[in-house]
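Note sheet for the following structure.
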Amino acid sequence: MSYEYVVLPEGVVAAAGDVPSYVRAQQGIPVTANMLFVVHVLRMWNDELPVIHRHAVLHIEAAGNAVRVTPADSFDRRRTRSMAVDSAAAVIRRVLETATRGLGYEIYDAERQLLWVP
C-alpha cells in the first residue's frame, strides 16, 4: 500500500474526489511562493533523516498550488526492520498538519479519500 497526501489551498476543490484532477491541472505550472514553505518543510524532513533511514525519504512533487507527498509505508519494510517505516505515514500527516495549520491550506489523504483543514 502506498500513502499519498496533497496540500492545496483551502476551497479550491469542492470535494475530496476533485483533488486528483486538480493536481493534474497544476502540472507544468511553477510552484507558487505560498507552497514553497510546505516544500521547504518536507525537504528539511528528508535532509535530517539519518543515513540508516534513507529508505524513508519522502517523494515530493510540487506544481502550481499543489504539493503531493508520498511517504514510506509498511510495504517498504522489506528494506529494514525499523518501526519508523511503519509509522512514516502518520508522522508525515502530523508534519503536514503542523506546517500548514492556520495558513489556509487543506490536506488530502488519498488512502482514506479524505480532505480536511488542519
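The values are calculated or read from the model by the stated rules, or taken from the named source; none is laboratory data. Every value quoted in this text rests on a predicted model; they were computed, and no experiment measured them. Cβ sites come from the backbone with ideal geometry, for glycine too, and all protein chains shown count toward neighbours.
Quick notes on this structure:
- Exclusive hit being among the aliphatic types (A, V, I, L, M), at pLDDT 95 or above and not in a loop (DSSP other than H, G, I, E, B), set V19, V12: V19
- Residues located in the range 46-74, provided they are in contact with a Pro (Cβ under 9 Å, 6 or more places away or on another chain) and assigned to a helix (DSSP H, G or I): A56
- The C-beta contact set for the range 95-118 (first residue more than 21 Å from M44 (Cβ to Cβ) and in contact (Cβ under 8 Å) with a residue 40 or more places away in the chain, second residue in a strand (DSSP E or B) and charged (D, E, K, R), distance under 8 angstrom, 6+ apart or interchain) comprises L115/E106; L115/D109; V117/E106.
- Residue count for the range 1-30 under the criterion of being among the β-branched types (V, I, T) and within 15 Å of the chain's Cα centre (by Cα): the result is 4.
- Filtered residues of the range 17-30 (kept if over 12 Å from A63 (Cβ atoms) and surrounded by fewer than 17 Cβ atoms within 10 Å (Cβ to Cβ)): G17, D18, P20, S21
- Scanning the range 31-42 for residues that are surrounded by fewer than 18 Cβ atoms within 10 Å (Cβ to Cβ), over 11 Å from the mean Cα position of the chain (by Cα) and assigned to a helix (DSSP H, G or I) yields A33, N34, L36, F37, H40.
- Matching residues, the range 75-103, being in a helix (DSSP H, G or I), modelled with pLDDT of 80 or more and basic (K, R): R93, R94
- The requirement of being at pLDDT below 85, in contact with a Phe, Trp or Tyr (Cβ under 9 Å, 6 or more places away or on another chain) and surrounded by fewer than 17 Cβ atoms within 10 Å (Cβ to Cβ) is not satisfied by V51.
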